[in-house]
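Everything on this sheet refers to the single structure shown next.
No lab work stands behind these numbers, since they all come straight from the coordinates. Keep in mind that what you see is a predicted model, and the values were worked out from it rather than measured. When we count neighbours, we look across all protein chains shown, and the Cβ atoms used for this are built from the backbone with ideal geometry, even at glycine.
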Amino acid sequence: MTVEWLTSYKIGDAEVDAMQEKLFALTNAFLASDDLTVLRSAIVSLCKQARAQFELEEALMRRLDFAGFEAHRVQHQTLLDRLIGRSMDVGKGYMNKPAIAALMRDWCERHVPEDDAKLGQFLASIQSA
C-alpha cells in the first residue's frame, strides 16, 4: 500500500511543498521494498528528509508567527524521535518494517492533511490580506 501525495496537501510555500512531496516519495520507496539493503537506505533517507523539511517548515512558522507553532514543532520532534529510534534498531540488525510503515502512513494520512492544512490556511489568510 502506498501513500498518495495530493495537491490539496500543499500549504502554499513552494519549497516546503516540494520537500513534503519528496517525503511522500521516500515513504513510498520504503513501503515498496522488501530488500533489507534498500530498506536500510530508505529509513536513513526518511530521517534526513524529515529533519530538513521540518526545519524549513518550522522556520516558516516562526517567520509567520504561527500560533500553533509549538504544538506543531512537538509533533515534528515526536516523529523524528520515533524514526531515529527505528533507524537505530535497523543499525542493530532489527528491521520493524510494519512499525515504520504505520508511523509514516499515519504521518502522511493524518498530520499532513490535518495539521499542515492549518498552516496552509494561515498562510493563505496572510497572503490574501
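Quick notes on this structure:
- Of the criteria (1) within 22 Å of Q121 (Cα to Cα); (2) outside any helix (DSSP H, G or I), which one R62 fails: (2)
- Output for the stretch 22-39, where each listed residue is surrounded by fewer than 15 Cβ atoms within 10 Å (Cβ to Cβ) and of a type in the set (D, E, K, R): D34, D35
- Of everything in the stretch 72-100 that is out of contact with any Cys (no Cβ under 7 Å at 6 or more places or on another chain) and β-branched (V, I, T), the residue that is surrounded by the fewest Cβ atoms within 10 Å (Cβ to Cβ) is V74.
- Consider the stretch 65-101 and keep the residues that are outside any loop (DSSP other than H, G, I, E, B) and basic (K, R). The one that is nearest to V44 (Cα to Cα) is R86.
- Members of the stretch 109-129 that are in contact (Cβ under 8 Å) with a residue 40 or more places away in the chain and basic (K, R): K118
- Tally, over the stretch 41-71, of residues that are in contact (Cβ under 8 Å) with a residue 12 or more places away in the chain, surrounded by 14 or more Cβ atoms within 10 Å (Cβ to Cβ) and of a type outside the set (A, V, I, L, M, F, W, C): 6
- Test: residue in the stretch 17-31 that is touching an Asp or Glu at 6+ places or on another chain (Cβ under 8 Å) and not in a helix (DSSP H, G or I): no
- Yes/no for R62 being more than 21 Å from V3 (Cβ to Cβ) and among the basic types (K, R): yes
- Every test in (1) assigned to a helix (DSSP H, G or I); (2) more than 13 Å from the chain's Cα centre (by Cα); (3) of a type in the set (A, V, I, L, M); (4) surrounded by 13 or more Cβ atoms within 10 Å (Cβ to Cβ) is passed by I11 save one, and that test is (1).
- Number of the condition not met by K118 [criteria: (1) surrounded by fewer than 18 Cβ atoms within 10 Å (Cβ to Cβ); (2) over 18 Å from G12 (Cα atoms); (3) in contact with a Phe, Trp or Tyr (Cβ under 9 Å, 6 or more places away or on another chain)]: (2)
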